[in-house]
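The values are calculated or read from the model by the stated rules, or taken from the named source; none is laboratory data. The shown structure was predicted, so the numbers you read here are calculated from the model rather than taken from an experiment. Quick reminder, even Gly has a Cβ in these numbers, built from the backbone with ideal geometry, and neighbours come from all protein chains shown. These area figures cover heavy atoms from the full protein model, side chains too; ligands, DNA and RNA do not enter into them. Shrake-Rupley method; radii C 1.70, N 1.55, O 1.52, S 1.80 Å.
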Amino acid sequence: MSMGSQNVHTEPKAGIEVGSCTLHDLFTGNLNREEGLQLHIPEYQRAYRWGPKQLKELADDLVSYFRESSQSDIPSYYLGSIILQREGQYLNIIDGQQRLISTLLINYYFRQTWVFDLPIGAPRSQVQIRSNYSWLKDNLPSKENFSFDLEKINVTFVITRSIDEAYTFFETQNTGGVRLSGADIIKAFHLREIDEKEQKNRIKYAKKWESFDDAHIEFVSTLLGKGRYWNTLSWRPFPLRRHKNREKEAKVDEFARQTRSDFSEAPSFVPAAYMETDGAFLIRSFSWLKALRQPLYKGKHTLDYTLDYTQVYVRLFKKEQDDEVDTRFYTFRNKVLNGAHGTHYLLELFKLFALVYVSKFGVSRFYEFSLWAFRFCYSKRVENRRFVREATVVKHVGDSKMLDKILQAFIHEEAIALLKEYGYTVNTDLFDAKKVKGRYLHMLNGYFEGITKDQFDQDLIKAIELKTKSL
């Protein structure tokens, strides 16, 4: 909490205004002695997503402040800084939406009036607002005898004339912080790179991005980062999971700062075959995805790259079925690929291999690949005596070079042959029924049947061949 001067501003450089005001003045458009300005949430902005955890932190802090302020004369409550972009009489909210809407909800609970004109059109935002308001009704103190006043809440604002400048502030404030994920920064960076004249494209890409779960985009960007870093010809160590900030910085570097701008029309590269049929020549693409390790370009190019791979991930690992994917894969996924019994890191590796394969060959024969890729990825579960650590997975990829081999394969059959040729030694220790490896063996037999600890790999190969015999 701190005192902030109201309705004052400075101009650190042309076109940018910095000042301080109350929330009441902000919502009524009374900034810098100019009236009639209206807050607006642009279509390309992320939806309102604060849940009970973040809402509770803010509500508890505000309730505590107003209880204390009713007893004594204390400074205004400081809600932090917000970034706005001036567009005529509209002030587009670039950063601060979550705090502003949450504070409006708390104000509505205590005062039972929504007097400020802040249209919220995104359906996901509306659903979250209703959910959060229900939480407030169940958890906040009684409205009687409680004074809640937006004129006692202060913010610092930055107003820019250009959306490019707004996103520059946005990115600068958050890249080293903890509020935004790596995927959030990547999105903001590339939306900014789309020409302001292409406003419809900005809106289209923002809406497409918002149609996916944040966690899915974040996870896929991690997998893609590993796929690009783990190149044995120019190996780069990708930060381990426990180093969250380093991982975030690596993704922002790879998918934002280091993307290219040396082509006016960014080229995309896809695997294709040049074929002759009855004297006619044609080029057939195996996959619609951009090649996983291809150069990335600023703006729409990297947005498409990230969103297309996220779409594939959702189709394979979040949906219950997909018309283009063999239904047997989903049975296999649900019974075996669950990350249990010490296989969490191996499941992540399998998902990376899945994206790599689909980027080369599409999904039509993915089920067969998935079984052989499972044998390779999960071999460390039975090769190790006890635990499978993240570093073990990194070494597995580096030593085998299998990721590179699959990426270099020209046809599906070649990829399958590479996986079949891989050999490993099974450690038969700790296969007791009550041990992790024993429970893992039991789980496998719920799908494959007939796998023993003494002939584990031979039995697994036979089981896979039986499952794929009719393919």
(message) Angle check, please: helix 366-377 long axis (alpha carbons) against the longest principal axis of the chain (alpha carbons), in degrees 0 to 90, nearest 10.
(response) 90 degrees
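Normalised by the residues of the chain, what does the relative contact order come to in percent, with Cα pairs under 8 Å and at least six apart?
Details: 627 pairs, mean separation 55.9, N = 471.
Across the chain, relative contact order equals 12 percent.
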(message) What does the extension gain come out to for Trp235 and Thr327, with contour length at 0.36 nm per residue minus their alpha carbon separation?
(response) 29.5 nm
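Would you mind working out the accessible area per residue for the range 222-374, using a 1.4 Å probe, and quoting it in Å²? Intermediate results must be reported in sequence, preceding the final value.
Details: 6880 Å² over 153 residues.
Accessible area per residue, the range 222-374: 45 Å².
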(request) May I ask you to rank Ser81, Ser211 by accessible area, largest first, using a 1.4 Å probe over the protein chains only? (result) Ser211, Ser81
(request) Taking 7 Å along the Cα-to-C-beta vector as the label spot, tell me the Val314-Ala280 distance in nanometres, rounded to one decimal. (result) 3.6 nm
(request) Tell me the trypsin sites (Lys or Arg not before Pro) within the range 209-307 that lie in a loop according to DSSP and have at most 10 other beta-carbon atoms within 10 Å. (result) Arg242
(request) Report, in degrees rounded to the nearest 10, the 0 to 90 angle that the Cα long axis of helix 163-175 makes with the longest principal axis of the chain. (result) 70 degrees
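How much length is gained on full extension from Asp214 to Asp61, taking 0.36 nm per residue of separation minus their Cα-Cα distance? Mind dumping the intermediate values first?
Values: separation 153, 0.36 × 153 = 55.08 nm, distance 2.67 nm.
Gain on stretching Asp214 to Asp61: 52.4 nm.
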(request) With a 1.4 Å probe and every protein chain left in place, work out the accessible area per residue of the range 391-471 in Å², rounded to a whole number. (result) 55 Å²
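For a 18 Å ceiling on Cα separation, which of these pairs sit above it: Lys187/Lys298; Lys204/Lys226; Lys244/Lys405; Lys56/Lys207; Lys318/Lys437?
On the way: Lys187/Lys298 11 Å; Lys204/Lys226 28 Å; Lys244/Lys405 29 Å; Lys56/Lys207 28 Å; Lys318/Lys437 27 Å.
As for pairs spanning more than 18 Å Cα to Cα, those are Lys204/Lys226; Lys244/Lys405; Lys56/Lys207; Lys318/Lys437.
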(request) Kindly work out what percent of the DSSP beta bridges joining two residues of the chain are antiparallel, to the nearest 5. (result) 70 percent
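Provide the net charge surrounding Ser69, with neighbours chosen by a C-beta distance below 10 Å and charges set as Lys +1, Arg +1, Asp -1, Glu -1. Please report the intermediate quantities before stating the final value.
Working: positive: Arg67, Lys152; negative: Glu68, Asp73, Asp149.
Taking every Cβ under 10 Å from that of Ser69, the sum is -1.
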(request) Would you mind giving the average projected area, over all directions, of the Cα convex hull of the range 266-343 in nm² with one decimal? (result) 8.2 nm²
(request) Compute the long axis of helix 344-361 from its Cα atoms, compare it with the longest principal axis of the Cα atoms of the chain, and write down the angle in degrees, 0 to 90, nearest 10. (result) 80 degrees
(request) Report the full-extension gain for the segment Arg111 to Tyr78: residue separation times 0.36 nm, less the Cα-Cα distance, to one decimal in nm. (result) 9.9 nm
(message) Restricting the calculation to Cα positions, tell me the Rg (one decimal) and the Dmax (whole number) of the chain in Å.
(response) 27.0, 91
(request) Along Cα→Cβ, 7 Å out, is where each label goes; now give me the distance between the ones at Arg246 and Thr425 in nm to one decimal. (result) 3.1 nm
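For the chain, with all protein chains present and a 1.4 Å probe, just round the carbon and sulfur fraction of the accessible area to a whole percent. Numbers along the way, then the final one.
Working: 11000 of 22330 Å².
Carbon and sulfur: 49 percent of the exposed surface of the chain.
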(message) Which one, Phe110, Ala188, Gln321, is farthest towards the positive end of the dipole of the chain when Lys and Arg carry +1 and Asp and Glu -1 on their Cβ?
(response) Gln321
